[in-house]
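For reference, the structure discussed in these notes is given below.
Just so it is clear, none of the values below were taken in a lab; they were calculated from the coordinates. Note that the structure is predicted; figures quoted are calculated from it, not measured. Glycine gets a Cβ as well: all are built from the backbone with ideal geometry, and neighbour counts include every protein chain shown.
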Amino acid sequence: MFSIQSFIDEKRQQQEGMPVVMGILNVTPDSFSDGGQFVSSSAVERQVLSMLAAGADVIDVGGESTRPGAKKVALTEELERVIPVIEWIKKRFDTVISIDTYKTEVMQEAVNYGAQLINDVNALQADGAIAVAVNSGVSVCLMHKQGEFSSMQEAPFYNDVLVDVQGFLLERAHCCEAQGMAKNKIILDPGFGFGKTLAHNEELFQNLEVLTALSYPVLVGVSRKRMIADILNGATVLERVSGSVAAAVLAVLKGVNMVRVHDVKETVDALNVTMRLI
Ligand code: 8Y7
C-alpha cells in the first residue's frame, strides 16, 4: 500500500512549500541526457547515492528511453536492466522506488521487488496495467502523450492543448478508479515534450492550473528537455541545467506537487532558497 497523496502531504508537513523530488535514474545505454554513463552497475549505484544525498524522495528507475526516435527495448532486456537496480536500492535504502515503464510485465516484476509507484508515459493503457497497480496497492503517475514514441514529434496537433490534455488525464484517472484504484494513489502529468511543439509546451506550462485545480496531485518533468534548449537557443544537454531548475521552481510555485529531475542537488537547493525567501 502506497499513497502518493499521503507521501506529498507528509513532505509538505516536514517542509512548508516543498514538493516531492523524483530523481531520474536511466539504466539505458542510449539515454540522451547522460550518454549512457550510468549503465555499469557501479555508476548506477553512485548516481543513486548522490541523488539520495542531495535530497531525492523518489528514485525513478527506467530501462527504456522514451525520447523521440529511441530504440525499443525487448522485455527481457528491460527486466535485466531495472530489476537488479531496484533490488539493490531496496536492500540499502528506504526511499520510494518508481518504475518508469509502459509494459505490464515490467510493472508487475518491479512491484514484486518493491517499487511503490508506477510511472507510465502511456497512462496505464496496456492490457492488464491497471490491474497490476490495483492488485498490488501501489500508486501511479498518469502522463499525457500524443502519438507513438517514434513519430510523436513529427506533427503534433491539438484543437486545444489545454482541453485535450486535461480531458485525457481525467478520463484515465476515472478509468483507474472504475477498476478499483483509490483516488489518493493517482498523480497526473501533462507530459512535456511528448507529442508537443514548443508552443504547446509553453501554453501548458503557462496554464498549469488546468491540472492543479483538479483534485489530483500533479507531477511535472521538464528536466534537460528539448523545450528548455529551444528557449535557450539550442543549449546542449549540460547547458540546460539552470533553465531546468528555473522551470522546476516555477512549476512548484504554480502549485505542482512533484518534480522529476536529473539535477537533484541544484533543484533542491533552488527550492530551499525559494521557500525560505518567498
Ligand atoms: C517524463 C517521464 C520522461 C515526464 C513522467 C525525459 C519517463 C524523457 N519524461 N515521466 N519520463 N513525466 N512522469 O526527458 O515528463 O526524461 S522520459
Could you tell me the calculated FRET efficiency between Ile231 and Asn159, based on Cβ-Cβ distance and R0 = 30 angstrom, to the nearest 0.05? 0.75
Note the full-extension length gain between Asp127 and Trp88 as 0.36 nm times their separation in residues minus their Cα-Cα distance, in nm to one decimal. 11.2 nm
Here are some pairs, Lys11/Lys145; Lys11/Lys265; Lys196/Lys225; Lys185/Lys225; which of them have Cα atoms lying more than 21 Å apart in this structure? Lys11/Lys145; Lys185/Lys225
